[in-house]
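> Input: one structure, supplied below.
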Amino acid sequence: MKNSKIISIYTALISIVYIMYGFIEVINGVAQWYIRPDFNLQISLIINNYQIPYAVADPFAGFVLIIIGCMMLYSSKGLLNEEIDGFSFAVVSSIFSAVLFILYLLIMFANFTEAHILLNDDYKDWVFYNDLNPAIVLFPLLTPLIYYINAKKGYYMKKEVN
Amino acid sequence: MRRYRFSYGKEVDDAIDKIFSLLLKDKDLVKKYNLNWLAIKLLEGDEEVKERVKNSLIYQDVIKVVEKLREKLEEKYGDMDVYFADKRYDIISSITRYIIKKRKEVLTFSDILDKVFLNKYIGIPLFISLMWVVFQFTFSVAAPFVDAIDTFFTFLADYVNLTIKNKLLASLVADGIINGVGSVLVFVPNIFFLFFAMSILEDSGYMARVAFIMDKIMRKFGLGGRSVIPLLLGFGCNVPAIMTTRTVPTKEDRILTILVNPLISCSARLPVYVLIGGALFASNAGNVILSLYLLGITLALILAYVFRKIFFGGKPSPLILELPHYLVPNIRTTILHMWERGRMFVRKAGTIIFLGVVLIWLFSHLPPGINSVEDSFVGIFGKTILPIFQPLGFNDWRIPVSLSVGFVAKEIVIGSLGQFYGATGEELNQVMQQIFTPASAYAFMAFTLIYIPCLATIAVIKNETGSYKWTLFTIVYGLVLAYFVALLVVTIGGLIGG
C-alpha cells in the first residue's frame, strides 16, 4: 500500500510535467504559426548554452504529450487504490511514452545522418542538443513507474489463452 | 392488471405506457402475453414480436403509434434496441453491486490494453496520436533516405546530359525518364516507411480495435460497421479496398462504402504530400500530411451521411468483430508485409509511370519544330485549362496539366512536375516554393486528395457497382468537391495571410 501511494504521487507529478510541456508545445505552435513567428515559450535548463528540454512549436506533438499526461494522471488515482483501471492506464501511457521516445531518437538519428553523413546544407547548424525535446528527456523519468508495472504484473495479469 | 417493471427513463416509460394502454384493447393479446414485455419489444423494433401480433385487429393502430414514438425517442437517444440493452445492463449492474462480492480483477495483457484503447473517451484521441506518430516516422525518419536517392538521380541526370551527345535523346533520358520517374522514386522510402508502420499496427492487433472504436462514429454518419475495414484498407490502395466491400452485407451499404472510399488517402497520393508539404511547410510537413489524411476521413464521413440521406435511406448494418489478442509484431513478417505492398509502388514506377512520363515528354516536344515547351501540345492544353484553376491559386499552366495526367495514376502528378521543371528532390522543392503559397500548396494537396480517383480505381468501381451511373457520379462529385474544398482553402488561407 505504501509503495502504491508513492508511485501514485510520483506518476501524478510526472503526468503534470507531460501535460505542461504538451501545452507549451501547443501554445508555441499556434503562436508561431498565427501570431508571432519569434514567440518561444520554454521552461528548461541551460546546458552548454542550449535549452534542455527544448519544447518544439508543434500543436500535434503537444497534443500527444497532453494525451500521455492525461492517461498518467488518470492512472495515478487507480494506482493509489490498486485498481485494474489505474494499472491499465499506467501500462498504456508507459508504452506510448516509449513509442514517442523511440520515434524522437530515430528522428535524431535521421538528423545526424543528414548533417554528418549526407552533409545536407539545411542541417549544417544541427547539434545533438536541438533534438532533446520533452518526450526524450521525460521518458527516463518513467523508470520507477515501469519498474512498478513490471513488479506488479503478476498481481494484475494472467496468461493469455488462445 | 398488476405490472412489475423497471424504469427505462421517464420519456421511455411514458411511451411504454401509451403502447400498453393500446394493447389492452385486444383481449386475445391480454390473455396470451405480458403486455408490458410486448410494448417494450414493439418499441425496440423486434421483428419477431411484430410478426406475432400482426393478426391482431388493433395491429395497424398500434404500429402507427409505436413508429411515431420510436422515431421521436431515437432522435434523442439513438437506436432504441441499443438504448434498451444499455438500460438493462445498467439495471443488472445496479443489482449485482449489492449481491455480488467481487474478487480482485485479474485480466490478460490484451484485456488490460483494451481497457484503454477501446475506452470511449480516450480511444479516438489515442488513434489520432498513433497516426501522428506514423506520419512523423514516414516523413522525418525517412528523410535521409529520400535525400540520398535524390542525390543519386541528380547525379544520374547530369551524367546522362554530359555523355549522350544527341540532344533530343539526352533530353528524353535525362528530363523525361530520369527526372520523371526519379522524382517519383525518391519517395520510395516514405512509402516503405508508411507501410512498415501500418504493418506493425496491423500485426499487433491494433487495427482491429480501430475498426471497433470507429464503428460508433461511422454509424452516426450512416456507414455500417462492416465498412470500416474497406475504408482502412483504402490507406494502402483504393483498388483492393473497394474489392473488399464485397464483405459488406447490404447493397446500399456496399455502394455507399464504394462511393466514399476514394476520399481515403491512398499511398499513391503520399509523394504529392511529401513533396509539397516538405517544400512549403518544412518542419511541420508531418502535421500537414496528417491533416490531409484526417481531411479525407472527415469528408468521407460527411458525404456518407449526405449520400445515405439522399440516395439510400435505412440504417447501416451492425459490426460483429472478434478482436484478436495483441501480439508483439514479428519483424520478419512486418518487413514481408511492407515489401509486398511497397513493391507495387516500385512496379508501378517501372510500368505505368514510366509510360506516362515518356508520353508527357513526347507531347511536350510535339508538334515538331517548336522552340519552347509552352508551344507544345501539353503547353497549349495547360494554358487552355489554366483559367479554370487560377481561382485556386494555381497560376502556372504546368499545375493543371500535372493534375490532368494524375488521372492515370496519382504518382504521375509528381513525375510530370519533375519533368516540366527538369528537377527532382531538393531542386524541385525550391521550384515548388516559388510557384505555390502555403495556402495554394495546401489547396493543391487537398485537390489531389479529393479529385478523380485513378484509372484503376475507376475500373474497379465500375466492376463492383456494375453501374456506369455510380462510376460517373464518383468522378463528377470528386471533381466538384475537390474544386470547392481547394477554393475554400485558398479563400480562408488568403484571409489569414497564407
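The values are calculated or read from the model by the stated rules, or taken from the named source; none is laboratory data. Predicted, not measured: the structure shown is a model, and the values here were computed from it. All Cβ positions, even for glycine, are placed from backbone atoms using ideal geometry, and neighbour counts span all protein chains on display. We work out accessible area using only protein heavy atoms, side chains counted, and drop any ligands, DNA or RNA first. Shrake-Rupley method; radii C 1.70, N 1.55, O 1.52, S 1.80 Å.
> At 10 °C and 1.306 mPa s, grab the translational diffusion coefficient of region A:1-86 from Stokes-Einstein with a Kirkwood Rh over Cα pairs, rounded to a whole number in µm² per second.
The calculation lands on 113 µm²/s.
> Over the alpha-carbon set of the protein assembly as shown, work out the extent along each principal axis and list the three values in angstrom, largest first.
Here the spans come out as 102, 67, 49 Å, largest first.
> Just how many % of Cα pairs in chain A lie over 21 Å apart, if you round to the nearest whole percent?
Summing the P(r) of chain A above 21 Å gives 53 percent of all pairs.
> Nearest 10 degrees is fine. How inclined is helix B:377-389 to the longest principal axis of chain B, computing both from alpha carbons?
Helix B:377-389 sits at roughly 40 degrees to that axis.
> Take the alpha carbon gyration tensor of region B:411-461, find the square roots of its eigenvalues, order them as a ≥ b ≥ c, and report rounded if a/c is under 1.5; if not, report prolate when a/b exceeds b/c, else oblate. Mind showing how you got there, number by number?
Working: a/c = 4.00, a/b = 1.61, b/c = 2.49.
In terms of gyration-tensor shape, oblate.
> Suppose the Debye formula is applied to equal point scatterers at every Cα of region B:64-140; what is log10 I(q)/I(0) at q = 0.13 Å⁻¹?
Reported log10 I(q)/I(0), two decimals: -0.76.
> With N set to the residue count of region B:90-194, report its C-alpha Rg divided by 2.2 N^0.38 Å to two decimal places. Don't skip to the answer; put the middle values down first.
Values: Rg = 28.1 Å, N = 105, 2.2 N^0.38 = 12.9 Å.
Taking the Cα Rg and dividing by 2.2 N^0.38 Å, one obtains 2.18.
> I'd like the mean, over residues of B:280-287, of how many other protein chain beta carbons sit within 10 Å of each residue's own Cβ. Don't skip to the answer; put the middle values down first.
Details: counts 0, 1, 1, 3, 8, 0, 4, 7.
That works out to 3 on average.
> So how much accessible surface do B and A hide from each other in total, probe 1.4 Å, in square angstrom to the nearest 100?
Chains B and A together bury roughly 3300 Å² of accessible area.
> Here's another thing I want to ask about it. If you wrap a convex hull around the C-alpha atoms of chain B and split its volume per residue, what is the figure in Å³? Present the calculation step by step, with values, prior to reporting the outcome.
Working: hull volume 91.8 nm³, N = 498.
Taking only Cα atoms, chain B has a hull volume of 184 Å³ per residue.
> What value, in deg cm²/dmol to 500, does the helix sum -39500 (n - 2.57) over DSSP H runs of n ≥ 4 give at 222 nm once divided by the residues of chain B? Write out the running numbers ahead of the final one.
Working: 27 runs with 347 residues, N = 498.
Rounded to the nearest 500, it is -22000 deg cm²/dmol.
> While we're here: Kindly express, to the nearest 10 degrees and within the range 0 to 90, the angle between helix B:80-99's C-alpha long axis and the longest C-alpha principal axis of chain B.
Between helix and principal axis, roughly 60 degrees.
> How far is helix B:455-465 tilted off the main Cα axis of chain B, in degrees rounded to 10, range 0 to 90?
20
> Restricting things to Cα coordinates, could you compute the convex hull volume per residue of region B:130-280 in Å³? Please list the in-between numbers first.
Numbers: hull volume 20.8 nm³, N = 151.
Once divided by residue count, the hull of region B:130-280 is 138 Å³.
> Quick check: convex hull of the Cα atoms in region B:225-336, volume per residue, rounded to a whole Å³? List each step's numbers first, then the result.
Numbers: hull volume 15.3 nm³, N = 112.
Given the Cα convex hull of region B:225-336, per-residue volume reads 137 Å³.
> Calculate how large, on average over all directions, the projected area of the Cα convex hull of region B:6-137 is; give the answer in nm² to one decimal. Mind showing how you got there, number by number?
On the way: hull surface 50.5 nm².
With every direction weighted equally, the projected area is 12.6 nm².
> Can you list the DSSP H helices in chain A whose Cα atoms extend at least 15 Å along the helix axis and whose mean Kyte-Doolittle hydropathy is 1.0 or higher? Can you show the working numbers first?
On the way: long enough: A:2-30 (42 Å, 1.13); A:59-80 (32 Å, 1.68); A:84-112 (42 Å, 2.00); A:143-156 (19 Å, -0.33).
The qualifying helices are A:2-30, A:59-80, A:84-112.
> Right, something else. Show B:Arg70, B:Arg97, B:Arg219, B:Arg347 ordered by accessible area, largest first, where the area counts protein heavy atoms only and the probe is 1.4 Å.
From most accessible down to least: B:Arg97, B:Arg347, B:Arg219, B:Arg70.
> With the dipole of the protein assembly as shown worked out from charges on the C-beta (+1 for Lys and Arg, -1 for Asp and Glu) around the Cα centre, which of B:Ala459, B:Phe389, B:Leu303 lies farthest toward the positive end?
B:Leu303
> Give the average over all directions of the projected area of the C-alpha convex hull of region A:1-43, one decimal, in nm².
Values: hull surface 11.6 nm².
With every direction weighted equally, the projected area is 2.9 nm².
> In square nanometres, what is one fourth of the surface area of the convex hull spanned by the alpha carbons of region B:425-498?
Taking a quarter of the hull surface, the average projection is 5.9 nm².
> With the radius of gyration and the Kirkwood radius both derived from the Cα set of region B:372-465, what is their ratio Rg to Rh?
Rg/Rh for region B:372-465 comes to 1.00.
> Let me know the Kirkwood hydrodynamic radius for region B:334-395, please, with Cα pairs as the basis and the value in Å to one decimal.
For region B:334-395, the Kirkwood estimate is 14.3 Å.
> Number of Lys-Lys pairs in region B:80-149 under 23 Å by Cα, sequence gap 8 or more or different chains?
Final tally of qualifying lysine pairs is 7.
> Same structure again: How many partner chain Cβ atoms sit within 10 Å of a residue's Cβ in peptide B:106-116, on average, as a whole number? Don't jump to the answer; show the numbers that get you there.
On the way: counts 6, 7, 5, 7, 1, 5, 11, 4, 2, 7, 12.
Rounded to a whole number, the mean comes out at 6.
> Hey, with R₀ at 22 Å, roughly what FRET efficiency would A:Asp121 and A:Gln51 work out to, going by the Cβ-Cβ distance, to 0.05?
Numbers: r = 24 Å, r/R0 = 1.11.
Result of the calculation: an efficiency of 0.35.
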